[in-house]
1. How many percent of all Cα-Cα pairs in the chain sit more than 38 Å apart?
2. Please rank Thr358, Thr441, Thr278, fewest neighbouring Cβ atoms within 10 Å first, as an exposure proxy.
3. Could you name the lysines whose alpha carbon sits less than 19 Å from that of Lys258, not counting residues in the same chain fewer than 8 places away?
4. Please go through the residue pairs Lys253/Lys287; Lys85/Lys287; Lys85/Lys322 and name each one whose alpha carbons sit more than 30 Å apart in this structure.
5. List, largest first, the extents of the alpha carbons of segment 1-89 along their principal axes, each in whole Å.
6. I need the Debye-formula profile for segment 30-172: one equal scatterer per C-alpha, no solvent, reported as log10 I(q)/I(0) at q = 0.11, 0.16 1/Å, two decimals.
7. Roughly what % antiparallel, to the nearest 5, for the DSSP beta bridges in the chain?
8. Can you tell me the orientation of helix 253-264 relative to the chain, as the angle in degrees between its alpha-carbon axis and the longest Cα principal axis, to the nearest 10?
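A short reminder: the numbers here are calculations on the coordinates, not readings from a lab. Computed from a predicted structure; not experimentally measured. Glycine also receives a Cβ, built like all others from the backbone with ideal geometry; neighbour counts cover every protein chain displayed.
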Amino acid sequence: LNSRVRVFFSARHYAELHRHLFPGDRGEHGAVVMAGLAQIGSETRLLVRDVVLAQDGRDYVINEEGYHSLKATFIGHLIRTCRDKRMVYLAVHNHGSDRNVSFSQIDLRSHERGYPALRDIADGMPVGALVLGRRSIEMDLWMPDGSRRNLTEAVVIGQSICHLFPEPQASLKSTNETYGRQLLMFGAAGQHILSQATVAVIGLGGIGSLVAEFLGRLGVGKLILVDPDRVEQTNLSRLVGATMQDAEAGTLKVEVAKRHIREASRTAQIVALASDATAPDVVETLKAVDFIFLAADTMRARLMVNGLVQQYFIPAVQLGAKVTAKSGGGTLDDAMSVARSLRPGDGCLLCSGCIDSTTLATEFLSDDERRAADYGTLVPNPSVISLNAVAAAHAVNDFLFDFLNLRNRPATRFLHMSHIHERNWIVTPAHSATCSECSATRSDSRFARGDAVQVVAMKSFATSRPRTA
Ligand SMILES: [Zn+2]
Ligand SMILES: [Zn+2]
């Protein structure tokens with residue numbers, strides 16, 4: 001498990017590459033992938049930012065020895081772009097195989113001839129090659145220190161998340177009898193995947209406490225719980241696991257959740273972080289998780305998680321419940337539950353207008369400053385356990401079906417549920433080519449950049465936008 005090498009694709013990029021390599025002609029085709037680089041603990045992670053398709057006969061040609069290769073003129077500016085943007089250059093071609101793929105001796109000899117020079121040009125960045133079978137993938141990565149690395153797995157992230165390997169994996173099965181009934185739905189192999197997963201829950205209030213309970217009982221192996229708040233009397237109407245004694249003692253919400261999950265599971269590893277989600281050490285922890293549930297209702301947390309999804313390819317969901325009254329009070333305008341899936345390169349919360357810059361700016365003010373500015377943010381919002389439960393259940397359901405790849409949905413979607421109007425909407429997130437976060441074409445966007453750029457800088461972001469209040 002340690003020192004693994006993984007390459008991450010957005011579903012859109014993988015589909016584009018796959019269509020080009022396997023057009024149905026059984027031939028060999030070529031491309032170049034440019035990827036961001038992240039070192040996460042001992043794992044080397046490559047994040048595909050760009051797929052450049054080589055045109056047969058012009059960019060991808062038969063060389064003097066009779067083998068296919070990419071033209072030097074095609075490679076030249078791409079390797080220099082990678083050097084300048086601190087990305088990893090990967091030459092790509094396909095073999096006709098299905099679930100197994102490996103480089104041929106001819107492939108490896110051509111790497112040994114060509115890659116020392118490419119690595120010199122790359123100036124401290126790795127370079128390498130990918131070879132794809134129809135449902136398999138392998139890599140030969142040349143590290144700056146002179147070592148060569150193979151691929152542990154590729155992860156393709158759409159709404160569903162799927163994994164590809166150089167060869168079929170022995171299917172590991174969980175036999176823990178606690179999970180006998182749910183195994184009937186997602187199988188012993190699915191249960192094993194859950195037992196190996198690290199999942200973060202940000203915000204352990206009304207919604208997050210339910211999410212944490214669901215994940216704990218489902219058998220998720222490791223839970224990272226993040227919330228700085230303590231239990232108050234008014235939380236008892238909806239905080240799962242909290243007692244009157246907790247309200248009197250002011251127990252940390254993360255400790256309540258940890259205790260509650262522990263009562264149902266001896267095996268779960270639970271990390272309770274009583275900090276703001278945007279604290280630097282928390283952000284470091286979040287880079288290493290497999291999935292994030294965002295149940296904290298600050299714009300600051302939304303901006304940070306939205307950025308991590310795009311920069312490090314960590315799938316997430318933002319969930320919430322909201323009650324709005326008609327002006328004048330009394331009657332309800334609406335009561336909504338939402339579960340918005342967040343995936344790299346397929347729209348985001350910022351594009352979709354879900355990060356309000358005025359609110360974001362006020363979150364950096366002190367309480368006194370906020371009162372003086374009378375932003376109205378100190379008025380408590382309505383919160384009801386059953387509305388919270390709808391959002392939590394839908395988000396955890398989506399997590400199960402998508403994370404275990406039990407349905408094939410490449411496109412990201414938001415789920416909006418109105419309880420007053422008794423309607424559900426499946427909304428496609430907005431995607432702007434000029435988005436600073438999710439655009440794959442804007443040259444300075446965060447998308448797939450990994451360690452090459454800073455994680456979202458809260459204060460500068462808030463102040464760089466016009467304040468309309
Ligand atoms: Zn080959
Ligand atoms: Zn965006």
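1. 29 percent
2. Ranking Thr358, Thr441, Thr278 by Cβ neighbours within 10 Å, fewest first, gives Thr441, Thr358, Thr278.
3. The reachable lysines, counting only those whose Cα sits under 19 Å from Lys258, are Lys222.
4. Lys85/Lys322
5. Principal extents (largest minus smallest coordinate, Cα): 42, 30, 24 Å.
6. Listed by q, the Debye log ratios stand at -0.40, -0.88.
7. Numbers: 53 of 87 bridges.
Antiparallel: roughly 60 percent of the beta bridges in the chain.
8. For 253-264 against the chain, the angle is about 80 degrees.
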